[in-house]
Amino acid sequence: MRFRYEAVERMPKPLMPGVVYHSEEFEVGALLCACGCGHRVSLLVPDSHQVTAESGMATVRPSIAVCDAPCNSHYFITAGEVEWLRAFDPATSRAVMRKQIARHALGDPKPPFLQRVLAALGRAWAWLTSFGRPR
Ligand SMILES: [Zn+2]
């Protein structure tokens, strides 16, 4: 299976096999697991993964480790080509899962969206308060 790159605004459902979907706005990616098990793999961009396009084909870095599906697949996607890596043993995949959950829970106290809202509010406030100031 080869993966092409598709830029989307929102993740479609259902996903098509062989497509890495990427939403720059919402900073997420999604694909159906390359092993064909049908598991929906979600990528956090750019926290956990980088998704790029190379002449229409998808490249995902670092490797994708499917820890939350029975297939336990682990692979790179480079210019659409899947390169299989050794599956994590159960202990490692549990550790990866825990790390990802910890990053979700404790990682960034302000999600990017909130940061953008706060920045916009800050700019609006500066603009409003600029009127009273002597120039
Ligand atoms: Zn799979």
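The values are calculated or read from the model by the stated rules, or taken from the named source; none is laboratory data. Predicted model, so just to flag it, every value in this text is computed and none were measured. Every residue, glycine as well, gets a Cβ built from its backbone with ideal geometry; the counts of neighbours run over all protein chains shown.
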Pairs needed: first member in segment 84-103, under 12 Å from H74 (Cα atoms) and modelled with pLDDT of 80 or more; second member anywhere, exposed (fewer than 11 other Cβ atoms within 10 Å of the Cβ) and not aromatic (F, W, Y); C-beta distance under 9 Å; at least 6 residues apart or different chains. none
Number of the condition not met by P109 [criteria: (1) at pLDDT 80 or above; (2) assigned to a loop (DSSP other than H, G, I, E, B)]: (1)
Which of the numbered conditions does C71 fail, given that it passes all the others? Conditions: (1) part of a strand (DSSP E or B); (2) within 13 Å of the ligand (Cβ to nearest atom); (3) within 21 Å of T92 (Cα to Cα). (1)
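Kindly indicate the residue of segment 57-71 that is surrounded by 17 or more Cβ atoms within 10 Å (Cβ to Cβ) and under 16 Å from H39 (Cα atoms) and also modelled with the highest pLDDT among those meeting that condition.
Residues of segment 57-71 that are surrounded by 17 or more Cβ atoms within 10 Å (Cβ to Cβ), as a first pass: 57-60, 64-67.
Right, trim to under 16 Å from H39 (Cα atoms) and you get 64-67.
Working: I64: 94, A65: 90, V66: 90, C67: 84.
Step by step, filter segment 57-71, then rank; the result is I64.
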For segment 28-38, give me each residue that is surrounded by 16 or more Cβ atoms within 10 Å (Cβ to Cβ) and in contact (Cβ under 8 Å) with a residue 24 or more places away in the chain. G29, L31, C33, A34, C35
Quickly run through segment 1-25 and pick out the residues that are among the charged types (D, E, K, R) and assigned to a strand (DSSP E or B). R2, R4, E6
So which residues in segment 26-42 are in a strand (DSSP E or B) and either touching a Pro at 6+ places or on another chain (Cβ under 6 Å) or closer than 11 Å to V66 by Cβ (or both)? L31, L32, R40, V41, S42
Please work out which one of (1) away from the ligand (no atom under 16 Å from the Cβ); (2) over 17 Å from the mean Cα position of the chain (by Cα) is the condition S48 fails and give its number. (2)
